[in-house]
1. Only residues in the stretch 7-23 that are in contact (Cβ under 8 Å) with a residue 12 or more places away in the chain count as the first member; pair them with residues that are assigned to a helix (DSSP H, G or I) and surrounded by 11 or more Cβ atoms within 10 Å (Cβ to Cβ), Cβ under 9 angstrom, at least 6 apart or cross-chain, and list the lot.
2. Among the residues of the stretch 13-53, write down those that are open to solvent by 100 Å² or more (accessible area, probe 1.4 Å), assigned to a helix (DSSP H, G or I) and of a type outside the set (A, V, I, L, M).
Amino acid sequence: MGGSLVGQTPVVVVLQDIFDLIVSALGGDERYPRPVTAVAAEVERVREERTLAAAHDVIAAMTPWAM
């Protein structure tokens, strides 16, 4: 996760994109870490929670002895 959204000026965003382009041109696959809003973090947390619950349900249905 990146830093604060307060520092995300248009100039900073362009510099982050330039960094990403240079790293990509040199064969890298990492990106400059971007800040994450509280809403996006919560959406990701809920998505992960639902995925784990679905996996648990499948495991319980297919291999009840494993639970």
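The values are calculated or read from the model by the stated rules, or taken from the named source; none is laboratory data. Please read all numbers here as calculations on a predicted model, not as lab measurements. Quick reminder, even Gly has a Cβ in these numbers, built from the backbone with ideal geometry, and neighbours come from all protein chains shown. Note: areas computed on protein heavy atoms with side chains; ligands, DNA, RNA excluded. Shrake-Rupley method; radii C 1.70, N 1.55, O 1.52, S 1.80 Å.
1. Within 9 Å, the pairs are GLN8/GLN16.
2. Selection gives ARG45, ARG47, GLU48, GLU49, ARG50.
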